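**Q** Take a look at the following structure, please.
Derivation of every value follows stated rules applied to the coordinates shown; laboratory data play no part. Remember, predicted model here, so these are calculated numbers, not experimental data. Glycine also receives a Cβ, built like all others from the backbone with ideal geometry; neighbour counts cover every protein chain displayed.
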Amino acid sequence: MLTLKLKDSCEVKIHDDTKYWYLNNQLHRLNGPAVEHNDGTKYWYQNDQRHRLDGPAIEYASGTKAWYHNGKLHRDDGPAAEYINGDKFWYHNGTLHRDNGPAAEYINGDRSWYQNGKPMHFSPKD
């Protein structure tokens, strides 16, 4: 493992072609991903928690994306998890939740509704 010391207690560690940014021994980077794999997968961290305000905190090389705020799956303006196969999941503060539609949408057309992590069951109307 190669360790590069930067200013203000910052360091970059390189191990098996993966770069890790640390501040005070915690994964942390403000202006980019704190973990970059050589296959293109990227993870954003602040204070050792997955976190990003302006996009997904995880971008897998495959195309799957996940949005995190303060270490919890969370997104206000769309699904917090978008899988390469087309499945989508809405999370609010780490729990499956969506006010205006299903919190889980599967590529096969199945959908599931959740409020605050609890499944919502609907019965047909008369």
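**Q** Quick one: divide the alpha-carbon radius of gyration of the stretch 33-80 by 2.2 N^0.38 Å and tell me what you get. Let's see the in-between values first.
**A** On the way: Rg = 10.1 Å, N = 48, 2.2 N^0.38 = 9.6 Å.
So the stretch 33-80 has a normalised radius of gyration of 1.05.
**Q** As a quick test, which of the pairs Lys7/Lys42; Lys13/Lys65; Lys5/Lys42; Lys42/Lys118; Lys42/Lys65 have an alpha carbon distance above 19 angstrom in this structure?
**A** Over 19 Å apart, Cα to Cα: Lys7/Lys42; Lys13/Lys65; Lys5/Lys42; Lys42/Lys118.
**Q** Add +1 for every Lys or Arg and -1 for every Asp or Glu among the other residues with Cβ under 13 Å from the Cβ of Lys42, and state the total.
**A** Working: positive: Lys19, Arg29, Arg50, Arg52, Lys65; negative: Glu36, Asp39, Glu59.
Around Lys42, the charge tally is +2.
**Q** For the stretch 93-100, just list the computed ³J(HN,Hα) in residue order, Karplus coefficients 6.51, -1.76 and 1.60, θ = phi - 60°, integers in Hz, with x standing in for Gly and Pro.
**A** Whole-Hz 3J(HN,Hα) from phi for the stretch 93-100: 6, x, 10, 4, 6, 7, 7, 10.
**Q** Skipping prolines and chain starts, which residues have an amide H placed within reach, meaning under 5 Å, of the one on Tyr91, given they are 5 or more residues away or on another chain?
**A** For Tyr91, the qualifying residues are Arg75, Ala80, Ala81, His97.
**Q** With charges only on Cβ, +1 for K and R and -1 for D and E, what is the dipole size of the chain about its Cα centre, in debye, rounded to 20?
**A** Details: 16 positive and 17 negative charges, 55 e Å.
Charge dipole, the chain, about its Cα centre: 260 debye, nearest 20.
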